[in-house]
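Engineer: I have a structure I would like to understand better, so I am pasting it below and will then ask my questions one at a time.
The values are calculated or read from the model by the stated rules, or taken from the named source; none is laboratory data. Because the structure is a prediction, the values reported are computed rather than measured. Glycine gets a Cβ as well: all are built from the backbone with ideal geometry, and neighbour counts include every protein chain shown. Only protein heavy atoms, including side chains, enter the accessible area calculation; ligands, DNA and RNA are left aside. Shrake-Rupley method; radii C 1.70, N 1.55, O 1.52, S 1.80 Å.
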Amino acid sequence: MAALERVKVLVLGDSGVGKSSLVHLLCHNQMLGNPSWTVGCSVDVRIHDYKEGTPEEKTYYIELWDVGGSVGSASSVKSTRVVFYNSVNGIILVHDLTNKKSSQNLYRWSLEALNRDVAPSGVLVTNGDYDREQFADNQIPLLVIGTKLDQIPEVKRSDVLTRTAFLAEDFSAEEINLDCTNPRYLAAGSSNAVKLSRFFDKVIEKRYYLRDGNQIPSFPERKRFGGGFVKNLHYD
């Protein structure tokens, strides 16, 4: 059997928003029993069928790179992460729906990853305004995921989800809101599952296919970790 081709997707967001739980749910379709702080970066793999159910269907590996969430402004903090931002094909921006600050910090995370060679510019959001020009030329697909949906009181849920909808609009990205401890939020056929599949299809399309639908010849395969695909690999 030929080795599967793969794409690299960063999973970014503040510490404590549930990135590790989300990645475990995406890769194993079950909750993470004992989540812990990610130091450096942890990588897990999901198998995805591109254009499932069509004659063009093809299976790929999705590498999900869960990057540690320290938001420190010092350049030394950023320099420890920049190595993970190379050769990125897609980005999942994760925020805690119960923590407005984690939502605002997604602007910082996206700018850091998309402009990895540029020094951090400080505050990216002023009075709720978003400078779209900073990302005008971005060609990397983005997806915004809000976690801890179950922890929002029903009386406040509408207001919170309205606010986060504007956040996703700023990134020109689709939005998924869920509880990472409950696999039903990504059940097959659900709107969330459809959005997730559509995002991964877009990532693969950008990486491997030309505008006319022809597949781009593969680059020489990268050196593999341990002779196989990356799974639960931690970097310190």
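Engineer: Restricted to region 93-116, and to residues that are assigned to a helix (DSSP H, G or I) and hydroxyl-bearing (Ser, Thr, Tyr), which residue is nearest to Ile140 (Cα to Cα)? Steps first, please.
Structural biologist: Of the residues in region 93-116, the ones assigned to a helix (DSSP H, G or I) are 100-114.
From what is left, the residues that are hydroxyl-bearing (Ser, Thr, Tyr) are 102-103, 107, 110.
Details: Ser102: 21, Ser103: 20, Tyr107: 15, Ser110: 11 Å.
Of everything passing the filter in region 93-116, Ser110 is nearest to Ile140 (Cα to Cα).
Engineer: Now, a different point. Among (1) farther than 24 Å from Ala193 by Cα; (2) open to solvent by 10 Å² or more (accessible area, probe 1.4 Å), there is one condition Ala113 misses while meeting the rest; what is its number?
Structural biologist: (2)
Engineer: Taking the condition touching a strand residue (DSSP E or B) at 6+ places or on another chain (Cβ under 7 Å), surrounded by fewer than 11 Cβ atoms within 10 Å (Cβ to Cβ) and either at pLDDT 90 or above or part of a loop (DSSP other than H, G, I, E, B) (or both), does Ser87 pass?
Structural biologist: It is true that Ser87 is touching a strand residue (DSSP E or B) at 6+ places or on another chain (Cβ under 7 Å), surrounded by fewer than 11 Cβ atoms within 10 Å (Cβ to Cβ) and either at pLDDT 90 or above or part of a loop (DSSP other than H, G, I, E, B) (or both).
Engineer: Restricting to region 163-172, name every residue that is open to solvent by 70 Å² or more (accessible area, probe 1.4 Å) and polar (S, T, N, Q).
Structural biologist: Hit for region 163-172 is Ser172, nothing else.
Engineer: Could you grab me the full set of residues in region 1-15 that are open to solvent by 40 Å² or more (accessible area, probe 1.4 Å) and either more than 22 Å from Asn115 (Cβ to Cβ) or of a type in the set (A, V, I, L, M) (or both)?
Structural biologist: Met1, Ala2, Ala3
Engineer: Residue by residue through region 145-169, note down the ones that are under 21 Å from the mean Cα position of the chain (by Cα) and in a loop (DSSP other than H, G, I, E, B).
Structural biologist: Matches in region 145-169: Lys148 only.
Engineer: Confirm whether Val194 is under 14 Å from the mean Cα position of the chain (by Cα) and at pLDDT 95 or above.
Structural biologist: no
Engineer: Within region 173-193, count every residue that is part of a helix (DSSP H, G or I) and either surrounded by fewer than 14 Cβ atoms within 10 Å (Cβ to Cβ) or in contact (Cβ under 8 Å) with a residue 12 or more places away in the chain (or both).
Structural biologist: 6
Engineer: Separate question: Can you tell me how many residues within region 141-180 are touching a helix residue (DSSP H, G or I) at 6+ places or on another chain (Cβ under 8 Å), at pLDDT 95 or above and β-branched (Val, Ile, Thr)?
Structural biologist: Qualifying residue count, region 141-180: 5.
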